[in-house]
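Taking it in order: structure first as structure tokens, then the write-up.
The values are calculated or read from the model by the stated rules, or taken from the named source; none is laboratory data. Quick caveat, the model's predicted, so the values are computed rather than measured. Cβ atoms come from the backbone with ideal geometry, glycine included; neighbour counts cover every protein chain shown. Just so you know, the surface numbers come from the protein's heavy atoms only, side chains and all, with ligands and any DNA or RNA stripped out. Shrake-Rupley method; radii C 1.70, N 1.55, O 1.52, S 1.80 Å.
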Amino acid sequence: MVVGTSWLNKIGVLVSIVGVALLVSYSFAHIGRAGRVAIGYLLSTSMLAGGVVLERRVQFRNYAYGLIAGGWAGIYFTTFAMHDVPAAKIIDSDLLAVGLLSAVAAGMIAHSLKYRSRVVTSLAFIVAYTTLALSPLSGFALAASVPLAVAMLVVAQYFGWSSVAVLGIAAAYGTFVIRSEVFPGIGL
């Protein structure tokens, strides 16, 4: 029963972050780009904060880790969307966008080091890659996967988690291989 609730929690977080990604990308015709970005950050940081608060209670720790991972993934996607999703684009500079993505990845690393949890780390990165897979295929989408891959490899190396490193490599390549197969007409 605990295993089932654990997986349902993680699936629920994934679905929630996909919802945030779609909300930032496509919804709210009467809200401008900055408003969409603000909503994305508000929802994502709320998930992250809720996870941090719940993590202090042992009986809710499993749910908290899912919220923490989902919050970081939502923050990463929203930061990505500020540059590469037309409905939320408020940043034109590639350098600034990559710098912001790198800062979010560094925050994910720092937070992951605090919890020392393979599950939190893996789930955060899986959800972040999933939200990137939902975005339009572009050269910047490829570049946005680099800070994620580097962050995942740094954490995996620090803790000696070879399975997380393999997951990171598979996610980095798999995201774009799958997208090129599912959407073959979309090029860079």
Quiz item: Looking only at residues in the range 33-53 that are closer than 15 Å to residue 114 by Cβ and over 16 Å from the mean Cα position of the chain (by Cα), which one is most open to solvent (accessible area, probe 1.4 Å)?
Solution: 53
Quiz item: Out of (1) among the aliphatic types (A, V, I, L, M); (2) modelled with pLDDT of 70 or more; (3) closer than 25 Å to residue 94 by Cβ; (4) open to solvent by 20 Å² or more (accessible area, probe 1.4 Å), the odd one out for residue 144 is which?
Solution: (4)
Quiz item: Taking the range 60-90, which residues are crowded, with 24+ Cβ neighbours inside 10 Å and outside any helix (DSSP H, G or I)?
Solution: 85
Quiz item: What tally of residues in the range 48-79 results from selecting those that are among the hydrophobic types (A, V, I, L, M, F, W, C) and touching a Ser or Thr at 6+ places or on another chain (Cβ under 7 Å)?
Solution: 3
Quiz item: Can you name the residue in the range 97-125 that is open to solvent by 70 Å² or more (accessible area, probe 1.4 Å) and within 24 Å of residue 173 (Cα to Cα) and is also modelled with the highest pLDDT among such residues?
Solution: 118
Quiz prompt | Tally of residues being open to solvent by 50 Å² or more (accessible area, probe 1.4 Å), of a type outside the set (Gly, Ala, Ser) and either at pLDDT 80 or above or under 19 Å from residue 130 (Cβ atoms) (or both) across the range 5-30 | solution = 7
Quiz item: Across the range 152-188, what is the total count of residues that are of a type in the set (Gly, Ala, Ser) and at pLDDT 80 or above?
Solution: 6
Quiz item: Pairs under 8 Å by beta carbon, first residue touching a residue at least 60 places away in the same chain (Cβ under 8 Å) in the range 137-148, partner in a helix (DSSP H, G or I) and among the β-branched types (Val, Ile, Thr), six or more apart or different chains?
Solution: 144/98
Self-check item: Odd one out for residue 105 among (1) aliphatic (A, V, I, L, M); (2) in contact (Cβ under 8 Å) with a residue 40 or more places away in the chain; (3) farther than 27 Å from residue 163 by Cα
Solution: (3)
